[in-house]
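Colleague: Dropping the structure in here first, questions after.
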Amino acid sequence: MAKRVSADRWIFGSVVLLVFLGLIMVFSASAVMASERFGSAYSFLFRQFAWALAGFLAMLILMNVDHQKLKHPALVFGLLGITAFLLVAVFFLDRTHNVHRWVRLGPLSFQPSELAKPALILFLAYFLESRTKSLTDLRNTLLPALAPAALFFALIAAQPDLGTALMCLAIASAVLFVAGFRLRYFGYALLPLIPALYFLVWRVPWRKERILAFFDPFSDPQGRGFHTIQSLIAVGTGGVSGAGLMEGKQKLFYLPEPQTDFIFAVISEEFGLIGSIFIVVLFLIFCLRGFRVALRAKDPFARLLAVGITAMIGIQAFFNISVVLALLPTKGIPLPFLSYGGSSLLIMLASVGVLLNISKQVE
Amino acid sequence: MEPKSSASSSAKKTPNQNRRIYGLIAFLFLWSCLIAVRLFSLQVVRYGEFTQRAARQQQRTVEVSPRRGMIYDRNGHELAMTISVDSVFAVPSEIPDQANAADLIAGVLQTDPREVLARIQSSRNFAWIARKLDATASQRIRGLNLKGIYFQKESKRYYPKSELAAQVLGFVGLDDEGLGGIEKKFDDTLRGRPGKMLVSVDARQRSLGRVEKQPEPGSNIVLTLDEKIQYIAERELERAMQETQSEAGTVVVQDPQTGEILALASHPTFNPNVFHTASPQLLKNRAVSDIYEPGSTFKIVTVAAALQENLAKPEEMIDCQNGSITIFGHRIRDHKPFGVLSVSQIIQQSSDVGAIKLALRLGESRFDQYIRAFGFGSQTGVELPGETRGMAKPANRWTKSSIGSIAMGQEVGVSSVQLASMVSAIANDGVYTPPRIVAGMVAPRTTPTPQAVVFKPAEQRRVISPLTAVQLKKMLEDTVLFGTGKKAILDGYTSAGKTGTAQKVDTKTGRYSTWAHIASFAGFAPVNNPAVTVYVSLDSPRGVHHGGDVAAPLFGRITQQVLAYLNVPHDADVRHSRYLQLRAAAKNADLSEGSPDRLSDTVEFYGDLTADAGPVPALSTSANSSKPTPNEQERAKVIAASFTPEQKTQPRSVDPPMPSAETSAAPAAANGTVILDSEGGRVAPAFLGKSVRSAMVAAQQAGIEIDVIGSGVAREQAPAPGQTIPPGGRVTVRFSR
């Protein structure tokens, strides 16, 4: 029987620590650029701090709202609908640089693609719980389960933000995998994905450049390999103990987006191997505890929800770090909790709130 | 992990789902391991590679000159110092209007604006605009308040005493490289290690700030020179050069006991602060790099060798054959027809014939040995660049007549420093001490306290015995008193020395010049316990050109002032008046010496010289013999009459001797070494300041007995110097350290 225990302290602790470190590193990475661009070195820090406060508020609220209440069709489909609407709306609202990613509300800006991930997770957990008996039913289970994921993938990839789009797929895959889908279904799913990726990657020049740069960054160090090399230099110069906080040089316009996608490179440069491993270990602790929550969850809904949230954060974190370390080709995926970016941080923390609530009710 | 169909589907918790969760955990764990391995590889294994890459793109290195070490004199007075001056550089990417900035700066610097603009445009992140500006210019550029224009402190060499010891100190170029003198010889020591200014640049090649790696300052060098003595030497040399209209001149002042050079002057000179305006000829240190025939001063070597080898005694009479000798077909005439002279008189009167006869007694190889023992033919090792070895052919390369030429200082080439060191060996009781000009080094930013500088004496060697040295000292003193060196008589001090007059080689004709001479005087004072050796040479004086006429007074003026400056106690007070009388007599004396006759008319020896000797002259010249004019001969007779040894005791005097108790001593040999016989008894010589050994030698010479108490340096004596010793009495001398 389900019993009530206190929320998982390891998850809570590691997340608070990561957000705190994130604030420091956002400041370190952005101070020079911010003072140059906005006249204040604290510009990015203050915004991130505001978002973190909002995020923690959301986390605390959701932590204390029974997650079973989320199991409501109006909420689940409402969220899907709003996300789909916003993802379509950005094509008309945001015309900056031919990239349609942001919804702006006054001083606030919001990335609907961030909302797509929890919306998908919630939907899959809700939908699959009711279909646990008919997982092999292609028409009534698999296709309906995949439909929102495919829609979001298409909309986000069209922004264009292939990284987040693929991330949505990866999260959905993780949930479907744990839900018990046959492995060969994943094989089938990959078949149409390969030509899709071929067209999305190989036929889009800048993506192709990135892939080429990934395989041999030093072939064109000033061109397509530049970002990869700069990232590696940042990490490499960190050595064992790092240059020290604020002492990194690579963030000074060598690294692209040092406060967002490449914040891990700044951490590596300023805190070295010790700091980098520490961050990886924090994420690993979070994931292990998150999956422990899933293992102990009292029903499939809670389990899949926990798996989805944990996988979302874990995969995104390791993917981001792998990009920084040139283990994966460059994709614009932020590092959860650490990267600058309000919508991402808010949603991640809200998701953690749900995860913590699940951890309170174990079997 | 093919999932089984969910048989237990009704269960809320399925083992299948749990297995898959573990699968996800394993996947993420392996992924994190891969990340950790990659981190280790990048941050530990390939750390160096990436650090280099980062430095290459992030830093632009600019060298910052280190603070060059100071050069001090022996008392810690600055002779060369380094001052901080501003250099101006631009970070061009920060300059909004480069053309305007160039115009403004060029206005201050009074240069072409296009030149300044070209410098600015030469780089995006760093460009020197002007190096080592003076204070006003840098202040005015500061006043312009230009964006992107910065100042960097750099060091500039400054010689506060301007021309003083210019050739010794040398000078430095714009990049602080030593280009002459001590600056060149000890460049590595003085220079220090350059620092670096790392200009960090961001990816847009804009400067992000500068990190300075402090340069390591160079060590300081302490010279043996004494600023005051150097000043005296240079002032007097300059004056003498004006009076005699000489082309050049050198002065060496040396401590005979330690070999330390107290002053080394070379004129004409230059101001090292603005060395680039000086002609190259002025920059070289004549006293160490110029080589010339010494002439009669070299007879000291001839006589020293003969005495040391017991081939002659000071009083031994040598037939000077009426001033004429034929050696291997060459006839040599003395400047005066001397009859029979004692060895001592040969030195006093500078008889060529006498010197040749003594050299012949020595033989070539023994003579050669002594020449080398006195340091000729090899570098003395004085710490200055461009030192000449001089020219002393080995005996097996001498021609038959060489021995005669060399005996009187021809066919041999010396530098001023070599000659001074030879004389110092005589003054130092026969011990040769190589000359030194660097006392030591002190660490950067350390003031040269006596503790910091170790004046360590160089390796000494005995060349002649103390007895021979004492005999020579007396001869040289007599030369000043009675011979060719009368104009070197000092007030209140005994002095000793030898004149020299040598023909120069006319570089145009390749022959010995008939009018260009090098007049020199080598001596020391006080005679008993020499404080300084002073060597002076004047190149091509106009008119009177004999060493005794032009060089001896210069020696006198320098030595007089140096002894006073060094607080050397007078050793000749009591005979002061008599010196004045002798000096009055000396005014009328003809101090000519040296013969235009040459044993070797060729100047072939110059063929051996290094490039600094100037063009190599033709091999052979015709003999040039100029007979003394009747007038000169007449004067010579007067001199000979006045200064024959028999007449020593009765010098012609204008004024009678000053009556005093001390001067009851007969006006005999004014000689500090030998006590004076008087009617009533003997006068105690001054032992004060002498070592035990030299006091005993002096006493033995004087024929008195002394009681030695203690060891070290004589501090007290009874009876006091100048007082009469009772008949049969002894002198008690107390020594202490």
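Colleague: Just to be sure, is A:Ser322 within 26 Å of A:Gly244 (Cα to Cα), surrounded by 24 or more Cβ atoms within 10 Å (Cβ to Cβ) and within 10 Å of another protein chain (Cβ to nearest Cβ)?
Modeller: Spelling it out, it is not the case that A:Ser322 is within 26 Å of A:Gly244 (Cα to Cα), surrounded by 24 or more Cβ atoms within 10 Å (Cβ to Cβ) and within 10 Å of another protein chain (Cβ to nearest Cβ).
Colleague: With surrounded by 14 or more Cβ atoms within 10 Å (Cβ to Cβ), closer than 30 Å to B:Arg19 by Cβ and either touching a helix residue (DSSP H, G or I) at 6+ places or on another chain (Cβ under 7 Å) or not charged (D, E, K, R) (or both) as the only criterion, which of A:Val175, A:Val201 stands out?
Modeller: Going through A:Val175, A:Val201 in turn, the sole match is A:Val175.
Residue-wise test of (1) modelled with pLDDT under 85; (2) buried (at least 17 other Cβ atoms within 10 Å of the Cβ); (3) within 28 Å of B:Lys213 (Cα to Cα).
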residue	(1), (2), (3)
B:Ala80	no, yes, yes
B:Arg119	no, yes, yes
B:Arg124	yes, no, yes
B:Lys156	yes, yes, yes
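Colleague: Moving on. For region B:260-268, indicate whether the set of residues that are in contact (Cβ under 8 Å) with a residue 60 or more places away in the chain and surrounded by fewer than 23 Cβ atoms within 10 Å (Cβ to Cβ) is non-empty.
Modeller: no
Colleague: Exactly one condition in (1) in contact with a helix residue (DSSP H, G or I) (Cβ under 8 Å, 6 or more places away or on another chain); (2) more than 15 Å from B:Val550 (Cβ to Cβ) is false for B:Tyr512; which is it?
Modeller: (1)
Colleague: Give me a count of the residues in region B:57-71 that are hydrophobic (A, V, I, L, M, F, W, C) and within 9 Å of chain A (Cβ to nearest Cβ).
Modeller: Matching residues across region B:57-71 total 0.
Colleague: Ok, one more. I'd like to check something: does region A:1-19 contain any residue that is surrounded by 19 or more Cβ atoms within 10 Å (Cβ to Cβ) and free of Cβ contacts under 8 Å to residues at least 24 places away in the same chain?
Modeller: Checked region A:1-19: no residue is surrounded by 19 or more Cβ atoms within 10 Å (Cβ to Cβ) and free of Cβ contacts under 8 Å to residues at least 24 places away in the same chain.
Colleague: Then there is this: Can you name the number of the only condition in (1) loosely packed, with under 15 Cβ neighbours inside 10 Å; (2) in contact with an Asp or Glu (Cβ under 9 Å, 6 or more places away or on another chain) that B:Leu174 fails?
Modeller: (2)
Colleague: Also, quick follow-up: Pick from region A:276-310 the residues that are within 10 Å of chain B (Cβ to nearest Cβ) and small (Gly, Ala, Ser): which of them is farthest from the chain's Cα centre (by Cα)?
Modeller: A:Ala297
Colleague: With respect to A:Gly353, is the statement that it is more than 9 Å from chain B (Cβ to nearest Cβ), over 24 Å from A:Leu169 (Cβ atoms) and crowded, with 23+ Cβ neighbours inside 10 Å true?
Modeller: For A:Gly353, the condition - more than 9 Å from chain B (Cβ to nearest Cβ), over 24 Å from A:Leu169 (Cβ atoms) and crowded, with 23+ Cβ neighbours inside 10 Å - is met.
Colleague: Looking only at region A:118-133, filter to residues that are among the small types (Gly, Ala, Ser) and modelled with pLDDT of 90 or more; which one of those is farthest from the chain's Cα centre (by Cα)?
Modeller: Looking at the filtered set, the residue picked out is A:Ala125.
Colleague: Among the residues of region A:256-275, what is the count of those that are surrounded by fewer than 24 Cβ atoms within 10 Å (Cβ to Cβ), within 11 Å of chain B (Cβ to nearest Cβ) and of a type in the set (D, E, K, R)?
Modeller: Residues flagged as surrounded by fewer than 24 Cβ atoms within 10 Å (Cβ to Cβ), within 11 Å of chain B (Cβ to nearest Cβ) and of a type in the set (D, E, K, R) within region A:256-275 amount to 0.
Colleague: Okay, next question. Could you tell me which residue of region B:275-290 is surrounded by the most Cβ atoms within 10 Å (Cβ to Cβ), considering only residues that are part of a loop (DSSP other than H, G, I, E, B) and of a type in the set (D, E, K, R)?
Modeller: In this case the residue turns out to be B:Asp290.
Colleague: Of (1) acidic (Asp, Glu); (2) more than 10 Å from every other protein chain (Cβ to nearest Cβ); (3) crowded, with 22+ Cβ neighbours inside 10 Å, A:Glu247 satisfies all except one. Which?
Modeller: Among (1) acidic (Asp, Glu); (2) more than 10 Å from every other protein chain (Cβ to nearest Cβ); (3) crowded, with 22+ Cβ neighbours inside 10 Å, the lone unmet condition for A:Glu247 is (3).
Colleague: Given region A:105-200, what helices (runs of 4 or more DSSP H) lie entirely inside it while holding 2 or more residues that are out of contact with any Gly (no Cβ under 7 Å at 6 or more places or on another chain) and within 14 Å of chain B (Cβ to nearest Cβ)?
Modeller: Those helices (runs of 4 or more DSSP H) span A:112-129, A:162-179, A:183-197.
Colleague: Further question: I'd like to know if region B:336-352 contains one or more residues that are of a type in the set (A, V, I, L, M) and under 21 Å from B:Asn396 (Cβ atoms).
Modeller: Checked against the condition, which is being of a type in the set (A, V, I, L, M) and under 21 Å from B:Asn396 (Cβ atoms), region B:336-352 yields no hits at all.
Colleague: May I ask you to list the residues in region B:94-117 that are surrounded by fewer than 15 Cβ atoms within 10 Å (Cβ to Cβ) and of a type in the set (A, V, I, L, M, F, W, C)?
Modeller: Selection gives B:Ala99 alone.
Colleague: Of the residues in region A:20-30, how many are surrounded by fewer than 20 Cβ atoms within 10 Å (Cβ to Cβ) and either farther than 18 Å from A:Leu338 by Cα or in contact (Cβ under 8 Å) with a residue 60 or more places away in the chain (or both)?
Modeller: The qualifying residues number 2.
Colleague: In addition: Given A:Ile229, A:Ile156, A:Ile233, which one is touching a Phe, Trp or Tyr at 6+ places or on another chain (Cβ under 7 Å) and buried (at least 23 other Cβ atoms within 10 Å of the Cβ)?
Modeller: One residue alone meets the criteria, A:Ile233.
Colleague: Here is a follow-up. Looking at B:Arg239 and the list (1) of a type outside the set (Gly, Ala, Ser); (2) surrounded by fewer than 24 Cβ atoms within 10 Å (Cβ to Cβ); (3) under 27 Å from B:Val431 (Cβ atoms); (4) modelled with pLDDT of 90 or more, which single condition is not satisfied?
Modeller: (3)
Residues checked against (1) surrounded by fewer than 19 Cβ atoms within 10 Å (Cβ to Cβ); (2) of a type in the set (Ser, Thr, Tyr); (3) at pLDDT below 70:
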site: B:Ala698; (1), (2), (3): no, no, no
site: B:Ala702; (1), (2), (3): no, no, no
site: B:Arg715; (1), (2), (3): yes, no, no
site: B:Pro719; (1), (2), (3): yes, no, no
site: B:Gly729; (1), (2), (3): yes, no, yes
site: B:Arg737; (1), (2), (3): yes, no, yes
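Colleague: Condition first: assigned to a helix (DSSP H, G or I) and under 10 Å from the mean Cα position of the chain (by Cα). Now tell me which residues in region A:313-336 satisfy that.
Modeller: Result: A:Ile313, A:Gly314, A:Ile315, A:Gln316, A:Ala317, A:Phe318, A:Phe319, A:Asn320.
Colleague: Take the conditions more than 9 Å from every other protein chain (Cβ to nearest Cβ), polar (S, T, N, Q), out of contact with any His (no Cβ under 7 Å at 6 or more places or on another chain) and not in a helix (DSSP H, G or I) and apply them to A:Ser339. Does it pass?
Modeller: yes
Colleague: Here are some residues: B:Ala36, B:Ala99, B:Ala54. Which one is more than 30 Å from A:Ile315 (Cβ to Cβ), without any contact (Cβ under 8 Å) to a residue 24 or more places away in the chain and either among the acidic types (Asp, Glu) or within 14 Å of another protein chain (Cβ to nearest Cβ) (or both)?
Modeller: None of the other options fit; the residue is B:Ala54.
Colleague: Next question, about the same structure. Taking region B:370-402, which residues are farther than 23 Å from B:Thr484 by Cβ, touching a residue at least 40 places away in the same chain (Cβ under 8 Å) and assigned to a helix (DSSP H, G or I)?
Modeller: B:Ala373, B:Ser402
Colleague: Looking at this structure, is A:Phe253 within 14 Å of another protein chain (Cβ to nearest Cβ), more than 20 Å from the chain's Cα centre (by Cα), assigned to a helix (DSSP H, G or I) and more than 18 Å from A:Phe319 (Cα to Cα)?
Modeller: Spelling it out, it is not the case that A:Phe253 is within 14 Å of another protein chain (Cβ to nearest Cβ), more than 20 Å from the chain's Cα centre (by Cα), assigned to a helix (DSSP H, G or I) and more than 18 Å from A:Phe319 (Cα to Cα).
Colleague: For region B:125-156, what are the residues that are touching a strand residue (DSSP E or B) at 6+ places or on another chain (Cβ under 8 Å) and part of a loop (DSSP other than H, G, I, E, B)?
Modeller: B:Asn125, B:Phe126, B:Asp134, B:Gly148
The values are calculated or read from the model by the stated rules, or taken from the named source; none is laboratory data. Please read these numbers as outputs of a predicted model, since none were measured by experiment. When we count neighbours, we look across all protein chains shown, and the Cβ atoms used for this are built from the backbone with ideal geometry, even at glycine.
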